[in-house]
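Note sheet for the following structure.
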Amino acid sequence: MANGVWRGKMSGVEREREKQRLRQQQLRERDRRLRRPSRDDFARMLLHVALDEHTRKKNFDELDRLQDGLVRNLVEQGFDRRQCELVFEDLIDKYKRGWSLRRKPHLQREDDDS
């Protein structure tokens, strides 16, 4: 049964996909329970630290270097160069206005002091 719909016998590939889906679901549930950060959480925090520090210190040369590296790598993955530049510039503008991508309110506990 996939997505709650009976589809008859599963092929070997379908069985493996279903096993993998269940393993991933269990890992995500475990990580949520443990409050374990994902790679995306680390990447988001790394970007936050870099953008926050360099915009606060008005270190625009370093922001340009960071933008060049990020855009180059995203373009190598198939993203549009101009769109990457626009996203980065939008983030910098938001940071200059005091915005932050670091908050994740759903992780706050009632007993947290942070």
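Quick check: convex hull of the Cα atoms in the stretch 39-104, volume per residue, rounded to a whole Å³? List each step's numbers first, then the result.
Details: hull volume 5.5 nm³, N = 66.
Hull volume normalised by residue count: 84 Å³.
What FRET efficiency, computed as 1/(1 + (r/R0)^6) with R0 = 30 Å and r the Cβ-Cβ distance, is obtained for ASP93 and ASN73, rounded to the nearest 0.05?
Working: r = 22 Å, r/R0 = 0.72.
The calculated FRET efficiency here is 0.90.
Any read-out appearing in this document is the output of simple, stated calculations on the displayed coordinates, not a laboratory observation. If you're wondering where the values come from, they're calculated on a predicted model, not measured in any experiment. Counting neighbours? That spans all protein chains shown, and the Cβs are built from the backbone with ideal geometry, glycine included.
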